[in-house]
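Below is one structure, written out as structure tokens; comments come after it.
The values are calculated or read from the model by the stated rules, or taken from the named source; none is laboratory data. Not measured: the values here are computed from a predicted model. Cβ atoms come from the backbone with ideal geometry, glycine included; neighbour counts cover every protein chain shown. To get the accessible areas, we keep the full protein, side chains included, count just its heavy atoms, and leave off ligands, DNA and RNA. Shrake-Rupley method; radii C 1.70, N 1.55, O 1.52, S 1.80 Å.
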Amino acid sequence: ANLTRDLVHTIRDVLTVAGIKRDEQKALACLEAADLHFVLGVNHGVHEPLVGYLQEQLSTWRLCLGADLIRVGTALHEAFANAIEHGNLELDSKLRNDPDGAYQRLASERRSQTPFRDRLVHVRARLSNEEAVITLRDQGPGFDPSVLPDPTDPENIGKISGRGLLLIRTFMDDVYFNETGNEITLIKRRT
């Protein structure tokens, strides 16, 4: 009798969850747009769960799938790393070429120093049935993207600087910076 009662409750729970999922799919079919706003600090790895969440959203909205989703995730990861490390922590990418780990050491120090530790990255994701527009704004001094060295130039091939931005521009449909250079907008249209 206990087994039968437990089984009935289990089946009822499973059917309830299935009904909720069906209702959720019906509701999502009516969804036209969503505007999400996130705020991140400078702690190491804080952006990785958000990259995964945004990839999930792009998949749910059927804006991109499969390998395209991985490429967009890579572009997002690079954009977050740039906003946190180069923007808010003001780390010079030339330090990455230092074999003694100066880049990582300085990053670790600045995560606990003012003003760096208090800086935030504001992320806005506007999703629609046609496209995702994701904007990241850091609280650093900004930069001029036109003066970055070309990572495809033979003299820069071995250098790390500029590769992240190259990946971002390659994997997204459009990329824009604000005038200050502390805000990047990435656009991915439905494929």
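Within the accessible area of the chain, the carbon and sulfur atoms contribute 54%, probe 1.4 Å, all protein chains present. CYS30 sits among other residues whose Cβ lies under 12 Å from its own Cβ, and their net charge, with Lys and Arg +1 and Asp and Glu -1, is -2. Per-residue packing, averaged as other Cβ atoms within 10 Å, sorts the ranges 167-175, 84-92, 34-42 into the order 84-92, 167-175, 34-42, beginning with the highest. Equivalent ellipsoid of the stretch 36-82: semi-axes from √(5λ) of the C-alpha gyration tensor, largest first, are 20, 12, 7 Å. For the chain, evaluate the Debye formula with one uniform point scatterer on each Cα (no solvent term) and list log10 I(q)/I(0) at q = 0.08, 0.14 Å⁻¹, rounded to two decimals. Evaluating at q = 0.08, 0.14 Å⁻¹ gives log10 I(q)/I(0) of -0.36, -0.84. Between helix 66-81 and the chain, what is the angle of the helix's C-alpha long axis to the longest principal axis, kept within 0 to 90° and rounded to the nearest 10? It is inclined by approximately 50 degrees. Gyration tensor over the Cα atoms of the stretch 5-72: the corresponding equivalent ellipsoid has semi-axes (square roots of 5 times the eigenvalues, largest first) of 32, 18, 13 Å. Only helical runs count toward this figure. For the chain, summing -39,500 (n - 2.57) over DSSP H runs of n ≥ 4 and dividing by all residues gives -13000 deg cm²/dmol at 222 nm. Taking every protein chain into account, the accessible area of the chain amounts to 60 square angstrom per residue (probe 1.4 Å).
Report the Cα centroid-to-centroid distance between the stretch 95-118 and the stretch 6-53 in angstrom, as an integer. When both Cα centres are located, 36 Å separates them.
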